[in-house]
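What follows is a short report on a single structure.
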């Protein structure tokens, strides 16, 4: 990638609007699920994907599953996006925590 292209891609990434919400990481072979919350779903998807490929996530059960099944066995899924109006300030954190707890219970998943 040329330097100009890299700079343009970086600028475009920084200018995009972040979308807060709840996500799930599912392991297809084992049926396990992990649910997390993030102020920027696109960024966390990149981070989780990298961590799975390296089998280096700080969440022990997710790391162990990645080592057994490999990164290709996992699927990242956005469960819920917050409205931009809801996703500001302290209200966003409160809503994310509540919705995170709901999805962990609903899917009988591990919280991350």
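The values are calculated or read from the model by the stated rules, or taken from the named source; none is laboratory data. Fair warning: this is a prediction, and the values are worked out from it, not measured in the lab. Cβ placement follows ideal geometry from the backbone for every residue including glycine, while neighbour counts extend to all protein chains displayed.
Restricting attention to region 44-58, the residues being under 19 Å from residue 96 (Cβ atoms) and surrounded by 14 or more Cβ atoms within 10 Å (Cβ to Cβ) number 3. Here is a check on your reading of the model: is residue 24 surrounded by 18 or more Cβ atoms within 10 Å (Cβ to Cβ) and either over 15 Å from residue 100 (Cβ atoms) or modelled with pLDDT under 95 (or both)? Considered against the rule, which asks whether it is surrounded by 18 or more Cβ atoms within 10 Å (Cβ to Cβ) and either over 15 Å from residue 100 (Cβ atoms) or modelled with pLDDT under 95 (or both), residue 24 comes out as no.
Those helices (runs of 4 or more DSSP H) of region 37-112 in which 3 or more residues are modelled with pLDDT under 90 and within 25 Å of residue 18 (Cα to Cα) occupy 89-107. The test for being surrounded by 15 or more Cβ atoms within 10 Å (Cβ to Cβ), at negative phi and in contact with a strand residue (DSSP E or B) (Cβ under 6 Å, 6 or more places away or on another chain) does not hold for residue 32. Of the residues making up region 15-36, those that are in contact (Cβ under 8 Å) with a residue 60 or more places away in the chain and assigned to a strand (DSSP E or B) are 21, 22, 24, 25, 33, 34, 35, 36.
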